[in-house]
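The values are calculated or read from the model by the stated rules, or taken from the named source; none is laboratory data. These numbers were taken from a predicted model, which means no experiment stands behind them. Every residue, glycine among them, receives a Cβ derived from its backbone with ideal geometry; neighbour counts consider all protein chains shown.
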Amino acid sequence: MADELFFKPIAELGALLETKAVSSVELTRAVIARTKAVDGRVRAFNSYDEADAIAQAAASDVRRAAGQARGPLEGIPIGLKDVISVAGQPLTASSKMLANFVSPYDATVTAKLKGAGAVIWGRLNCDEFAMGSSTENSAFGPTVNPWDLTRVPGGSSGGSSAALAAGEAIATLGSDTGGSIRQPAALCGVVGLKPTYGLVSRYGLIAFASSLDQIGPFARTVEDAAIMLEAIAGHDPLDSTSFKADVPDYRAEAKRHQGPWRLGIPKEYFGAGLDPEVNAAVERAIAFYRAQGCEIKEVSLPHTQYCLDTYYIIATAEASSNLARYDGIRYGHRSKEAKDAVDIYFKSRAEGFGPEVKRRIILGTYVLSSGYYDAFYLRAQKVRTLIRQDFLNAYREVDALLTPTSPVPAFKLGEKSDPLALYLCDIYTIGVNLAGLPALSVPCGFTAGGLPIGLQLIGQPFAEANLLAMARVYEQAHDWRLKHPVLP
Amino acid sequence: MTMSSAPDLNIDHVAKLARLALTAEEKARFSQQLGDVLHHIEQLGKVDVTGVEPTAHAFPITNVWADDIARPGLTVETALRNAPAQRDNMIVVPKVVE
Amino acid sequence: MNYEAVIGLEVHIQIKTHSKVFTRVAAGYGQPANTLTDPVVLALPGTLPVMNKAALDAIIKAGLLLGCEIAPVCKWDRKNYFYPDSPKNYQISQYDQPICLGGSVEIELPGPARNVMGEHKRIPLTRIHLEEDVGKLNHFATESLVDYNRAGTPLMEIVSDPAMHSADEAFAYLTSLRATMIYGGISDCDMEKGQLRCDANISIRPVGETKLGTKVELKNLNSISFVRDGIAHEIKRQIAVLERGGTLVQETRDYDGQTGASQSLRSKEMAHDYRYFPDPDLMPVKVDEAWQERLRAECPELPFPKQRRFAESYQLPYTLTSVLVWDRTLADFFESTVKLVGPAKAQAVGNWITNDLLRELGAAHLEIAASKVSPAHIAALIGLFDAGSVLTNAAKEIFIEMFATGDLPGAIADRRGLRAAPTDAGELEQWCRDAIAANAKAVAEFKAGKDSAINAFKGPVMKAAKGKADPKRVDAALRQLLATM
């Protein structure tokens, strides 16, 4: 059994650690061994610090022996997307720009996980600066999908979803600006949760689009996601956009609520471009909820067709400013070719950033530039109000929305080389970010070819407990979570 | 500009504002790709936003601040640890012409 | 042709806070390079700003002191531009919703003479907003070294309307603005430390013309006298260009206070396009009436209103009020002393402070706060003098010793034997009789109506008293005796 430790959920491992059937060092060694065995193929990690992880695990075992275990995450190895800062560890955003950067401070979520006794394990690959939907935009090469090594794991948090699916971590953190947690969770067959904007501190998360970014967990089970969320949520005085909301016992709440719920099916999310197998799996999930006594109601989010454009204006505008700090002056890549100070900017940024990042910086700079602000950014912010209003209107009638997470299952590496085609992968996920809502993706089956499919549940603001409960009811009635990829 | 007119993306000007040195090949490719994206974005001009307030934050709150109590910062060594070039505890850049 | 200059000033003033404006590492001046940084100051990946409440209080207070309208809601914007002293390559500032709007600065122009009050007027303000300061570049032959200690220091930008017309007005504006900020405890405004920095927008136009001329921005006016000299120089330069048939170009010029000349800064490689947009990392600020009221209660009386009150309540001449009111501590010192001796003695208090105390402080290079002489000392000295216990010269000597030692004047007078002679009326009368008896000629002259003849008796009386007689009492005694003759 020991060699399968790395596929167990947190809740089960917690019991093993608690009874001292397994130590954190043993668990961490198992995860390290698994990583060494498979990551040559999955390539989920940008780097990891084996000695540091073992030291953390040993410290956890000491705490446990002394009766000072800190809760369900005590001794559990957690991987972090390489956009979340860990003191003394590299922080690269999968960019050449930060290839040699070592962060001197902990993100708030990192500090919270450490405080909860977790073992911080490894730096997980992603699209450069979290810009992408396939993890192919990493300067260090793509991560692949453990279910089919010729396919993408989704993105931008593809390292976080792939590592978890492949048994290289027990749970992971990612970040979600337009679907970057939910979409890779769907494509890799794991649970992924994007919290309400403001529930989890962004301090220490490399900013892509500040008004949309949220950190959230990837987990094997809904219960694990609840454990993770509880550990990282809560008001942070270091993040001015952090909300002073109560953090409930998500794990208990998720078990307590049994429904039935009023669930909305947004008709705009089931149109052209939706893969028939994905559609069928989601329809079966809807039928399940109906059978559970839930009221299923078709709803309309009439501004859905404008989500993508609104998103690309707001996200790129904010990104163009957020990424201005990467200039090769104080840290990061400095071009050896630069002759003067101005040259440092132009050449360092040209050498340090990959094509997708450059494209988005150009687009964002353009929409903010003199004469275009009102037509683009201001207008997008107004349309954002309408998009948000669509959701709030729907919530007068329903408790949550059910949709596919991604219109398609995992696609082949290199298949979507046209940026616009790739941007369309996010059409079901970006509205949630624009509206600031919580949403999660839970596995809801496989294609005939064995690729995972994700069901998205979109909740009301700060109603994560409800959302977890709904997902759990579905999850417990199915056994998708028990399947693991078999790596050749 | 109005949204109905084709957006005129002057890639040289924008790349200068963004401090990005682009190759001729990149300029051509980005112009074409971003032209497509901007063309797509034009449909936003069709939305009636009369009287609609812009959303800057999904959950706006006001007066978020901290009390004025100084806390220790980074040591010079830590502050400059990632610096590409340093001397006399300062970051070195080629002479800045003002 | 006669020309009129039109001048607007943009003044940046650092707000005195313990920590920086968007993070809590210490703010300060004169520390070793890069010792006042943290991840936020250095704009390390993942860092976020958090407002400093004290900086907001300070700028609202500044607005109240200057009669600005305080915006009920203001927000934060990013001003995007690349420069090595700007860690994020954007500056958090306020673009279209500044915290303070309107208001004005009262100024006094130079009077016809030093001791005569000049004309007063109000220079209207456009706005005041809060932003963050940048780091400091130290330029060397081939390199520049960057120190981020200053980066993130709270900075107010105070923008005047283009409403000044001479270098003297600009000088008076800055003097008054600076005093107001120091009075309010908002900033120390030390220009040498860069706590107050000034840029001027200057244009000229033919007198009578209402359209503005071509604007030149003058930078690096880093002392108040440089501001006056630089603006005067620029006005002359512009007139000279027009008079020889040239045209002015809109440009930025750098003024060198040492050489008194300015030169055009090479036109920036790229036109500015700051791409302002609301900072998504910060939330708006709402200022309600209660907050304003609380700060209004902390607002001190400003120099000019104080000057008017001193003139009215204490009948002080301009020569005294113009010295007393510009330093809040000095003005408070004055009023504390007047409280002890009564308003009738206000002028004497004013004289002691402006003549003796300021002279001694100047010689010792001390601030008034460090003075060993307190209001109680001066009150005691005035008391001794009025009682005739010490005479003018003795009092001056006592003051100097009091300043040096902090001892009370009575103790010094005793120790140094500076008290006026015991005023035995019989003895004084005898000395007077002797003096009158010895000078019949003067008696006759006095009787004949020559009042000054009385002075002839005073010398012998003072001699007999060994200089320790009160001249007023001597005079009175002599007149009494002469009247009976």
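Working only within region C:72-93, note down all residues that are more than 30 Å from B:PRO84 (Cβ to Cβ) and touching a Lys or Arg at 6+ places or on another chain (Cβ under 7 Å).
Result: C:PRO72, C:VAL73.
Scan A:SER300, A:SER335, A:SER321 and give me the residue that is crowded, with 24+ Cβ neighbours inside 10 Å and either hydroxyl-bearing (Ser, Thr, Tyr) or within 15 Å of C:ASN89 (Cβ to Cβ) (or both).
None of the others qualify; the one that does is A:SER321.
Hey, among the residues in region C:42-73 that are at the interface with chain B (Cβ under 7 Å from one of its Cβ atoms) and part of a loop (DSSP other than H, G, I, E, B), which one's nearest to C:TRP291 (Cα to Cα)?
The residue in question is C:VAL50.
Taking the condition modelled with pLDDT of 95 or more and in a helix (DSSP H, G or I), does B:ALA83 pass? Show your work before the answer.
Details: modelled with pLDDT of 95 or more: yes; in a helix (DSSP H, G or I): no.
No.
Would region A:53-70 turn up any residue that is closer than 17 Å to A:ALA111 by Cβ and not in a helix (DSSP H, G or I)?
The answer is yes; a qualifying residue exists.
Residue by residue, here is whether (1) out of contact with any helix residue (DSSP H, G or I) (no Cβ under 8 Å at 6 or more places or on another chain); (2) touching a residue at least 60 places away in the same chain (Cβ under 8 Å); (3) on the phi > 0 side of the Ramachandran plot; (4) not charged (D, E, K, R) holds:
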site	(1), (2), (3), (4)
C:ASP133	yes, yes, no, no
C:LEU137	yes, no, no, yes
C:THR142	yes, no, no, yes
C:VAL146	yes, yes, no, yes
C:GLY152	yes, yes, yes, yes
C:SER160	no, yes, no, yes
C:ALA172	yes, yes, no, yes
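Looking only at region C:86-106, how many residues end up being touching a residue at least 60 places away in the same chain (Cβ under 8 Å), among the hydrophobic types (A, V, I, L, M, F, W, C) and more than 13 Å from every other protein chain (Cβ to nearest Cβ)?
Counting residues in region C:86-106 that are touching a residue at least 60 places away in the same chain (Cβ under 8 Å), among the hydrophobic types (A, V, I, L, M, F, W, C) and more than 13 Å from every other protein chain (Cβ to nearest Cβ) gives 1.
Is one or more of the residues making up region C:205-214 aliphatic (A, V, I, L, M) and buried (at least 20 other Cβ atoms within 10 Å of the Cβ)?
From region C:205-214, those aliphatic (A, V, I, L, M) are C:207, C:212; that's our starting set.
Imposing the further condition that a residue be buried (at least 20 other Cβ atoms within 10 Å of the Cβ) reduces the set to none.
No, there is no match, as no residue in region C:205-214 is aliphatic (A, V, I, L, M) and buried (at least 20 other Cβ atoms within 10 Å of the Cβ).
For the subset of region C:18-32 comprising residues that are part of a loop (DSSP other than H, G, I, E, B) and buried (at least 22 other Cβ atoms within 10 Å of the Cβ), which member is nearest to the other protein chains (Cβ to nearest Cβ)? Quick ask: steps written out before the conclusion?
Here is the first cut: in region C:18-32, the ones part of a loop (DSSP other than H, G, I, E, B) are C:18, C:20-24, C:27-32.
Then drop every residue that is not buried (at least 22 other Cβ atoms within 10 Å of the Cβ), which leaves C:20-24, C:27.
Working: C:LYS20: 9, C:VAL21: 10, C:PHE22: 9, C:THR23: 8, C:ARG24: 5, C:ALA27: 7 Å.
Among residues in region C:18-32 that are part of a loop (DSSP other than H, G, I, E, B) and buried (at least 22 other Cβ atoms within 10 Å of the Cβ), the one nearest to the other protein chains (Cβ to nearest Cβ) is C:ARG24.
Since B:MET3 meets every condition but one in (1) at pLDDT 90 or above; (2) assigned to a loop (DSSP other than H, G, I, E, B), which condition does it not meet?
(1) is the only condition that B:MET3 fails.
Any residue in region B:1-12 that is facing chain A (nearest Cβ under 8 Å) and farther than 25 Å from A:SER211 by Cβ?
yes
Answer with yes or no whether C:PHE403 is surrounded by 15 or more Cβ atoms within 10 Å (Cβ to Cβ) and not assigned by TED's automatic domain parsing to the domain that holds C:ASP475.
On the way: surrounded by 15 or more Cβ atoms within 10 Å (Cβ to Cβ): yes; not assigned by TED's automatic domain parsing to the domain that holds C:ASP475: yes.
Considered against the rule, which asks whether it is surrounded by 15 or more Cβ atoms within 10 Å (Cβ to Cβ) and not assigned by TED's automatic domain parsing to the domain that holds C:ASP475, C:PHE403 comes out as yes.
Check whether at least one residue in region B:81-94 is in contact with a Ser or Thr (Cβ under 7 Å, 6 or more places away or on another chain), without any contact (Cβ under 8 Å) to a residue 24 or more places away in the chain and closer than 30 Å to A:SER240 by Cβ, and report yes or no.
No, region B:81-94 has no match at all.
Could you check A:ALA169 against (1) under 22 Å from A:ALA421 (Cα atoms); (2) more than 14 Å from chain B (Cβ to nearest Cβ) and say which number it fails?
Among (1) under 22 Å from A:ALA421 (Cα atoms); (2) more than 14 Å from chain B (Cβ to nearest Cβ), A:ALA169 violates only (1).
Being free of Cβ contacts under 8 Å to residues at least 24 places away in the same chain, touching a helix residue (DSSP H, G or I) at 6+ places or on another chain (Cβ under 6 Å) and among the aliphatic types (A, V, I, L, M) narrows it down to one of C:ILE412, C:ILE382, so name that one. Break it down stepwise before answering.
Numbers: C:ILE382 fails: free of Cβ contacts under 8 Å to residues at least 24 places away in the same chain.
Every option except C:ILE412 fails the conditions.
Inside region C:190-274, counting only strands (runs of 3 or more DSSP E) that do not spill past its ends, which hold 2 or more residues that are more than 30 Å from C:PRO154 (Cβ to Cβ)?
By residue number, C:196-206, C:261-264.
Quick test of your reading of the structure: A:SER321 fulfils all but one of (1) closer than 19 Å to A:LEU422 by Cα; (2) more than 8 Å from chain B (Cβ to nearest Cβ). Name the failing condition by number.
All conditions pass for A:SER321, except number (1).
Collect the residues in region A:104-116 that are of a type outside the set (Asp, Glu), within 11 Å of another protein chain (Cβ to nearest Cβ) and touching a residue at least 24 places away in the same chain (Cβ under 8 Å), keeping them in residue-number order.
Applying the first criterion (of a type outside the set (Asp, Glu)) to region A:104-116 yields A:104-105, A:107-116.
Restricting the remaining residues to those that are within 11 Å of another protein chain (Cβ to nearest Cβ) gives A:104-105, A:107-110.
Result: A:TYR105, A:ALA107, A:THR108, A:VAL109, A:THR110.
Select from region C:257-316 the residues that are among the polar types (S, T, N, Q) and either surrounded by fewer than 17 Cβ atoms within 10 Å (Cβ to Cβ) or not assigned by TED's automatic domain parsing to the domain that holds C:ALA331 (or both) and list them in ascending order.
Within region C:257-316, C:GLN258, C:THR259, C:SER262, C:GLN263, C:SER264, C:SER267, C:GLN292, C:SER313, C:GLN315 qualify.
In this structure, is A:ALA400 more than 13 Å from chain B (Cβ to nearest Cβ), in contact (Cβ under 8 Å) with a residue 40 or more places away in the chain and either among the basic types (Lys, Arg) or touching a Pro at 6+ places or on another chain (Cβ under 8 Å) (or both)? Please lay out each step first, then the result.
Values: more than 13 Å from chain B (Cβ to nearest Cβ): yes; in contact (Cβ under 8 Å) with a residue 40 or more places away in the chain: yes; either among the basic types (Lys, Arg) or touching a Pro at 6+ places or on another chain (Cβ under 8 Å) (or both): no.
Against the criterion (more than 13 Å from chain B (Cβ to nearest Cβ), in contact (Cβ under 8 Å) with a residue 40 or more places away in the chain and either among the basic types (Lys, Arg) or touching a Pro at 6+ places or on another chain (Cβ under 8 Å) (or both)), A:ALA400 does not qualify.
Please report, ordered by residue number, the strands (runs of 3 or more DSSP E) entirely within region A:99-206 with at least 2 residues that are surrounded by 24 or more Cβ atoms within 10 Å (Cβ to Cβ) and small (Gly, Ala, Ser). Walk me through it before giving the result.
Details: elements: A:119-124, A:171-176, A:191-194.
Fully inside region A:99-206 and qualifying: A:171-176.
Of C:LYS466, C:LYS472, C:LYS441, C:LYS458, which residue is assigned to a loop (DSSP other than H, G, I, E, B) and not hydrophobic (A, V, I, L, M, F, W, C)?
Numbers: C:LYS472 fails: assigned to a loop (DSSP other than H, G, I, E, B); C:LYS441 fails: assigned to a loop (DSSP other than H, G, I, E, B); C:LYS458 fails: assigned to a loop (DSSP other than H, G, I, E, B).
Just a single option satisfies the conditions, and that option is C:LYS466.
Starting from residues that are within 16 Å of the chain's Cα centre (by Cα) and assigned to a strand (DSSP E or B), keep the ones in region A:423-452 and report whichever is surrounded by the fewest Cβ atoms within 10 Å (Cβ to Cβ).
Taking the candidates together, the pick is A:PRO443.
Applying the selection to region A:73-98, what residues are surrounded by fewer than 24 Cβ atoms within 10 Å (Cβ to Cβ) and part of a loop (DSSP other than H, G, I, E, B)? Explain how you work it out, then say what you get.
Filtering region A:73-98 for residues surrounded by fewer than 24 Cβ atoms within 10 Å (Cβ to Cβ) gives A:74, A:87-90, A:96.
If the condition is that a residue be surrounded by fewer than 24 Cβ atoms within 10 Å (Cβ to Cβ) and part of a loop (DSSP other than H, G, I, E, B), then A:GLU74, A:ALA87, A:GLY88, A:GLN89 are the ones that fit.
Hey, can you tell me all the residues within region C:288-307 that are in contact (Cβ under 8 Å) with a residue 12 or more places away in the chain and part of a helix (DSSP H, G or I)?
C:TRP291, C:GLN292, C:LEU295, C:ARG296, C:GLU298, C:PRO303, C:PHE304, C:LYS306, C:GLN307, listed by residue number.
Only one of (1) among the charged types (D, E, K, R); (2) assigned to a helix (DSSP H, G or I); (3) over 24 Å from A:ALA410 (Cβ atoms) fails for A:LYS297. Which number is that?
(2)
When the residues of region A:235-257 are narrowed to those that are buried (at least 16 other Cβ atoms within 10 Å of the Cβ) and among the basic types (Lys, Arg), which ends up nearest to the chain's Cα centre (by Cα)?
A:ARG251
Please go through region B:46-66 and pick out each residue that is surrounded by fewer than 17 Cβ atoms within 10 Å (Cβ to Cβ), facing another protein chain (nearest Cβ under 7 Å) and more than 20 Å from A:LEU238 (Cβ to Cβ).
If the condition is that a residue be surrounded by fewer than 17 Cβ atoms within 10 Å (Cβ to Cβ), facing another protein chain (nearest Cβ under 7 Å) and more than 20 Å from A:LEU238 (Cβ to Cβ), then B:VAL52, B:GLU53, B:PRO54 are the ones that fit.
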